[in-house]
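Undergrad: Pasting a structure below so you can have a look.
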Amino acid sequence: MIELGALFRTIAGKKVSWIDSEKTAGSGNRYSFLSWEPLWSLGADENGIAIRPGGNPSKGRLLTNLGSPFEALRYAESLLPKIESTPAAFPFPSGLAGYITCESVFRRYDTGKQSKRKDDILSELLAVTREVKDLPLRKSAAADELYFSCYDRVVAIDHEEKTARLLTIGATSKEAEEIGGELWDEILENMEADDGKPRVFSAGEFHLADSDETLQQTFDILRRAIDTGELSNCNVCLKFRASFEGDAATLFLALRDALPEHERAYFETLSGTLMTFGNRRLYIPATLVSSEFTIEDVLHDALPISGSIGEPREAALSRLAEAGNLARSALGGAVGYLSVIGTNYFKIPEIVVQVSEDEIDIFVGVELSRDFTSKDIKSQTAKTLSPLLSALPGLSGVVN
């Protein structure tokens, strides 16, 4: 059985995604899927929706014919080859891995002029010798509202069967053997280089990213909506920030150990590294293209913008927008994969950790209901963040 940490440290920095999925009866997850070096990435931010070769942040093409992140996700899935079976019985042999934020459910972009046909775009993106159009520079380091990468290199691990397979759909057996051999050699080299020299990280003392005045205004707006009966409850995002130095991949391994009962995910995105933790499953009956029900339908009903299913979502969205509390990264969004064999798996993140060059942000949700108090908010926050103290002692001032 391959040593998971050694594999992860070997591929870290190569636009990696790591998704744990399928909770077992006990503690832990059935599968881990580690993917790297994507063929292309699809992202949506304040510039619009763009597709980029290999996840390159500065090259690619704006997709001006797509008006929402959901259209972009359906479009991305339509680009995947459809395969009926694979050599190994893993639900994610290759395909799209990433996340979509809850606020993007309601986002519309100015589509402007039509873009090229998808076949023309792909031929340009995947051609080795042709340069593609420059994109506008990103305006901020905030996480994309949608981010999915297409992977053809996946190490799939079944923790119950204690098996691991390198899956390279589309590669010949000789090419797959060469990729596997190179990967194993790198793992051995890194294990020897890391012996006695573990990679480290450090984070400072955490503080609320929003001012006390801003938070008070948020709570006042939502309290009025609850008092008048417009809402019975509402899910508020609290963001905690600290300075950060070191290796984000090592931080993820530490947080993964600290939250063994959570399903975890890790993405090296265009703006930094995003990690999610949570156990709430989204059940989507089939693929986006062929199903009568789309992921958009599911998320409209399931994403907890309003704190619980059944709340008037437009009212909750309106009040949260008024309170300036919609910028919550992937918190409450959907994280998972869409595979080439038609399987899908999505979770709703309950904790999001976002690492940029020198900062770390932690996003957690607090449910407000009638007669909520500051003590209730602190109690919920402490319960959510306490397990992270072993990896991030700088949270002690927030938790205690």
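The values are calculated or read from the model by the stated rules, or taken from the named source; none is laboratory data. What you are looking at is a predicted structure, and each value in this text was computed from that prediction instead of being measured. No Cβ is skipped: glycine too gets one built from the backbone with ideal geometry, and neighbour counts run over all protein chains shown.
Undergrad: Could you grab me the full set of residues in segment 226-235 that are within 13 Å of L317 (Cβ to Cβ) and either buried (at least 22 other Cβ atoms within 10 Å of the Cβ) or touching an Asp or Glu at 6+ places or on another chain (Cβ under 9 Å) (or both)?
TA: The answer is L231, C234, N235.
Undergrad: Among the residues of segment 331-370, write down those that are small (G, A, S) and under 26 Å from A203 (Cα atoms).
TA: G332, G333, S356, G365
Undergrad: Name the single residue, out of those in segment 214-259 being in contact with a helix residue (DSSP H, G or I) (Cβ under 9 Å, 6 or more places away or on another chain) and assigned to a loop (DSSP other than H, G, I, E, B), that is nearest to L331 (Cα to Cα).
TA: Restricting to residues being in contact with a helix residue (DSSP H, G or I) (Cβ under 9 Å, 6 or more places away or on another chain) and assigned to a loop (DSSP other than H, G, I, E, B), the top hit is L259.
Undergrad: Can you go through D376, D371 and tell me which one is in a helix (DSSP H, G or I), over 26 Å from T250 (Cβ atoms) and acidic (D, E)?
TA: D376
Undergrad: Sticking with this one: Would you kindly identify the strands (runs of 3 or more DSSP E) lying entirely within segment 24-137 that contain at least 1 residues that are among the hydrophobic types (A, V, I, L, M, F, W, C), modelled with pLDDT of 80 or more and more than 19 Å from Y345 (Cα to Cα)?
TA: Those strands (runs of 3 or more DSSP E) span 40-45, 48-53.
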